[in-house]
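See structure below.
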Amino acid sequence: MKPLRIACCQFRAAPADKIGNIDRMRGFAEEAARLGARIVLYPELIVTGYIAAERIPALAEPVPGPAVSSLAKVAAGLGVALAFGMAEREPDGTGHNSLVFLSSRGELAGVYRKAHLWDTEKRWAVPGVGSIVVDYEGARAGGWICYDTRFPELARAQAVAGAELGLVSTAWLGPGEEWELALRARALDNAMFVAGADIVDPGIGCHGRSLVVDPNGNVIARARADEECLITADLDPEVMARQRGRVPLLRDRRPEAYDVPST
């Protein structure tokens, strides 16, 4: 992993206004680029907003598609990588709650489909299978979405596959203390950096408590609740190397001893 600066953006998405929301995303990306960020992370379903389940199928898009193409131009024009949540529609109409990774050249680096769907999401999406780890601006990056954070197996699978950074898009509907605890735990569990971007929508209970956590489980950047803003953090690979050397969790795993039932 190379040293890099990451930015997490949080704002209140205009419901169903994809053009307007993409324009807001562009503005935050421009600010992040001015601040020297190499990766810009946005919340869950930020392209459409976290809206009523029955409205999403008509707004979902293929990947790549119009929204991804627009944001690819932003990434390439500014020379920054983007990771953002959106409603994806496959050619057969199947829906997914997805996290899209675009490189700083505007290339599609990967797509993660949310594995653990929350309640109303099951009305328009099907769960994804498998995780993702991509080479991303000098880091091996994994990613997941919101409720996935509560399932330590997913972050661990990505760490075992080489992830040094976890990118988390969320519309966190639970207590903010649980969000912070879960993010810090996933970072500490795997001695990896974890960044989380939360949408701002107090009406549905999302308060924008974006965070960046280091491999020791320490919060190194924190956004204020209910405030539209951007936060940045510098990720130092030496911090990760020291923690992994001090507590070699990945080396000392014994999967054969756990015998975790699948049901």
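Ordering Trp118, Trp179 from the fewest to the most neighbouring beta carbons within 10 Å gives Trp118, Trp179. Length gained on full extension, Glu227 to Glu178: 15.7 nm, using 0.36 nm per residue less the C-alpha separation.
Spacing of the modelled spin labels on Lys73 and Ala58, each 7 Å from Cα toward Cβ, amounts to 2.6 nm.
In terms of its alpha-carbon gyration tensor, segment 1-156 comes out oblate; a/c meets the 1.5 threshold, while b/c is at least as large as a/b. In a DSSP loop and with at most 15 other Cβ atoms within 10 Å, there are no GluC sites (Glu not before Pro) in segment 137-213. Counting only C-alpha contacts under 8 Å and six or more residues apart, can you give the relative contact order of segment 213-263 as a whole percent? Computed over segment 213-263, the figure is 30 percent. For the pair Arg253 and Ala241 in one chain, pulling the backbone fully straight at 0.36 nm per residue adds 2.6 nm over the alpha carbon distance. Reducing segment 1-62 and segment 199-254 to their Cα centroids gives an inter-centroid distance of 18 Å. In the chain, helices alone account for a calculated mean residue ellipticity at 222 nm of -8000 deg cm²/dmol, with every DSSP H run of four or more residues adding -39,500 (n - 2.57). Under 5 Å from the amide H of Ile132 lie the amide H atoms of Gly143, each residue being 5 or more positions distant or on a separate chain, with H modelled from the backbone and absent for Pro and chain starts.
Computed over segment 64-108, the quotient of the alpha carbon radius of gyration and 2.2 N^0.38 Å is 1.17.
Considering only Cα atoms, the convex hull volume of segment 113-202 works out to 97 Å³ per residue. How much FRET efficiency would the formula 1/(1 + (r/R0)^6) give for Arg150 and Asn216, where r is the Cβ-Cβ distance and R0 is 22 Å, rounded to 0.05? The pair Arg150/Asn216 has a calculated efficiency of 0.55. Considering only the Cα atoms of the chain, their convex hull presents on average a projected area of 13.1 nm². Taking the DSSP beta bridges with both ends in segment 4-245, the antiparallel portion is around 65 percent. Take every Cα pair under 8 Å whose residues are at least 6 apart in sequence, average their separation, divide by the length of segment 4-245, and the relative contact order is 20 percent.
Values in this text are rule-based calculations from the coordinates and carry no lab data. As the structure is a prediction and not an experimental result, all values here were calculated from the model. Positions of Cβ are backbone-derived with ideal geometry, glycine not excepted, and every protein chain shown enters the neighbour counts.
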